[in-house]
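Data first, discussion second: the structure below is written as structure tokens.
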Amino acid sequence: MRTRQVFILLGLLISLAGCSVQNKLSREYKGKTHEELMLGLGRPTSVEPLPGGRKVEIYEKSTFLKSTPINTGQFQYDKFESPKAIKNEIYKFYFNAQGVIEDVKCEVSYER
């Protein structure tokens, strides 16, 4: 029961963190050009054309998260550890026909 609450809380924190990253990227890159984006993030993983001369550039990043001890703040005989996981982040930058970023989307997923 307690571990279920920990996972629910962890899921909520992750979703909130994902939103803050998307807002930060949106503030930083919205209205910028392709060249300015490449200076900040490098080459995109893939580029997909959209109707009307628009396009979306996709950046992917994977990070290995090792297991870490969880401290409950109480005496315990058994150790509790968070599971190992791979964090996958996908950033999508939507460009208008003039080559200016008009929208930014961020997706975060975890694999165990």
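Readers should treat all values here as calculations from the given coordinates under stated rules, not as data from a laboratory. In this text the structure is predicted, and so the values were computed from the model without any measurement. When we count neighbours, we look across all protein chains shown, and the Cβ atoms used for this are built from the backbone with ideal geometry, even at glycine.
Odds and ends about this structure:
- Less than 5 angstrom separates the built amide H of residue 65 from those of 85, 86, 87, all sequence-distant by 5 or more or on a different chain.
- Stretchable slack from residue 54 to residue 82, in nm (0.36 nm times residue separation minus alpha-carbon distance): 5.9 nm
- Residues with amide H under 5 Å from that of residue 82, placed H, sequence gap 5 or more: 68, 70
- Förster radius 22 Å - calculated FRET efficiency between residue 90 and residue 33, Cβ distance, rounded to 0.05: 0.55
- A full extension of the chain between residue 109 and residue 41 corresponds to an added length of 22.5 nm, given 0.36 nm per residue minus the alpha carbon distance.
- Across region 56-62, computed HN-Hα scalar couplings (Karplus, 6.51 cos²θ - 1.76 cosθ + 1.60, θ = phi - 60°) run 10, 9, 10, 10, 10, 9, 10 Hz from first to last residue, x flagging Gly and Pro.
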